[in-house]
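The values are calculated or read from the model by the stated rules, or taken from the named source; none is laboratory data. None of these values were measured; they are calculated from a predicted model. Glycine gets a Cβ as well: all are built from the backbone with ideal geometry, and neighbour counts include every protein chain shown. We work out accessible area using only protein heavy atoms, side chains counted, and drop any ligands, DNA or RNA first. Shrake-Rupley method; radii C 1.70, N 1.55, O 1.52, S 1.80 Å.
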Amino acid sequence: MARSRPRRRFAGTAWLFAAPGLIVYAAFLIYPALRSVWLSFTSWDGISPDIKWTGLANYRAMLDDPVVHTALRNNALWLLVTTVVPLAAGLALAVALNGSVRFKSALRMVFYLPAVLPLVSVGTIWGWLYDPSSGAVNTLLRDIGLGSLAHPWLGDSSLAIWATMVPACWVRVGFPLVLYLAALQHIPGELYESARTEGASGWQQFRYITFPSLRGTHYVVLALSFIEGLKVFDIIFATTNGGPGNSTQVLGTWMFFNVFQSYKFGYGTAMAVVVTVAALAVGIPYVWRQTKESS
């Protein structure tokens, strides 16, 4: 009894300190999220005081919406490309910069710098670079004698989504680079010395020592990149605005157009719920793993 009383007092003090944060969390995250889930079952236009309950109609409508099909396909491509390419590039750069390289600090800063830029600014910059007549991409192709490859990159419905992935990959290389560089510092140098003594090549050292030792970092990079990929909006909105002909729509942009331009608030929030559920399916195991490792 004597021990349980101080423990209860400590628990009460802990809840008292946590209360302000929990109140803010509930007011600005939990309540809006639950409200959005409820609105996804209505046909509300976002303005009218009347909110009509429609059940699963918005979710059924998504199954018949051809733009949603395009958006899902683009989201899948986006997740695959903007996860794998930055991960592979970040890992390769981290291994290279972890060795004896001149101007190592400057190169790290150069490769990480795009990661701190606002995504809307990145999209705008690459929109100028892709300009068909005066953009740097087509100008460079013409200057080196490859003018036949010059193209309206963001105006061609078959190429536009791929063109928008280039700035996304460029921005995201810095994040895995930093994480892999930090993780490489913790691999014991004795492992490499033993491997070299046994005659292992550089590739064998990478395959059997470096890559397996970075298993935890691979998981962190993949999980966060996947969640980030599901939230894609800024670059698509700034470069193509979902066009041409809805060919670059993703769920985030199509949701925006439905909510704020077509005033289909219920339909748009249904898409937001789908994206959120997918992000939680990846995010919860990641948070659980991180919490378990910390404890």
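With a 10 Å radius around each residue's Cβ, average the other Cβ atoms per peptide and rank 117-129, 133-145, 70-82, highest first.
Details: 117-129: 16.4, 133-145: 13.0, 70-82: 18.5.
Order by mean packing, descending: 70-82, 117-129, 133-145.
Among rounded, prolate and oblate, which fits the stretch 1-107 when a ≥ b ≥ c are the square roots of the eigenvalues of its C-alpha gyration tensor, a/c under 1.5 means rounded, and a/b larger than b/c means prolate? Walk me through the intermediate numbers first.
Details: a/c = 3.19, a/b = 1.06, b/c = 3.01.
Oblate, because a/c is 1.5 or more while a/b does not exceed b/c.
Using a Gaussian network model of the chain with C-alpha springs under 10 Å, which one of Pro66, Pro167, Pro114 is most mobile by mean-square fluctuation?
Pro66
Check every DSSP H run in the chain and write down those whose alpha carbon atoms cover 18 angstrom or more along the long axis and whose mean Kyte-Doolittle hydropathy is 0.0 or greater. Each step should come with its number before you reach the end.
Working: long enough: 4-25 (30 Å, 0.15); 66-97 (45 Å, 1.47); 160-172 (19 Å, 1.08); 215-230 (23 Å, 0.88); 265-294 (40 Å, 0.75).
Sorted by number, the helices that extend far enough and score high enough are 4-25, 66-97, 160-172, 215-230, 265-294.
What lysines sit close enough to Lys292 to cross-link, taking a C-alpha to C-alpha distance under 30 Å and skipping anything fewer than 8 places away on the same chain?
Reachable lysines: Lys231.
Pick out which of Tyr267, Tyr31, Tyr219 has the largest mean-square fluctuation in a Gaussian network model of the chain, springs linking Cα atoms closer than 10 Å.
Largest GNM mean-square fluctuation: Tyr31.
Of all accessible surface on the chain at a 1.4 Å probe, what whole percent is carbon and sulfur? Intermediate values should be presented prior to the final figure.
Details: 12020 of 17670 Å².
Looking at the chain in its full context, I get 68 percent from C and S.
Compute the accessible area per residue over the stretch 68-181, keeping the other protein chains in place, probe 1.4 Å, unit Å². Numbers along the way, then the final one.
On the way: 5900 Å² over 114 residues.
Accessible surface, normalised per residue, equals 52 Å².
Give me the tail of P(r) for the stretch 171-278 as a percent: Cα-Cα pairs with distance above 16 Å. Can you show the working numbers first?
On the way: 4037 of 5778 pairs.
Value for the stretch 171-278: 70 percent of Cα pairs lie more than 16 Å apart.
For the chain, modelled as a Gaussian network with Cα springs under 10 Å, which listed residue fluctuates most, Ala94, Ala11, Ala238?
Highest fluctuation of the listed residues: Ala11.
Report the local net charge at Thr248: Lys and Arg +1, Asp and Glu -1, summed over other residues whose C-beta lies under 14 Å from its C-beta.
Details: positive: Arg73; negative: Asp156, Asp234.
Residues close to Thr248 contribute a combined charge of -1.
How are the C-alpha pair distances of the stretch 79-159 spread across 5 Å bins, as whole percents from the shortest bin up?
Spelled out per bin, shortest first, that is 3, 12, 14, 16, 17, 18, 14, 5, 1.
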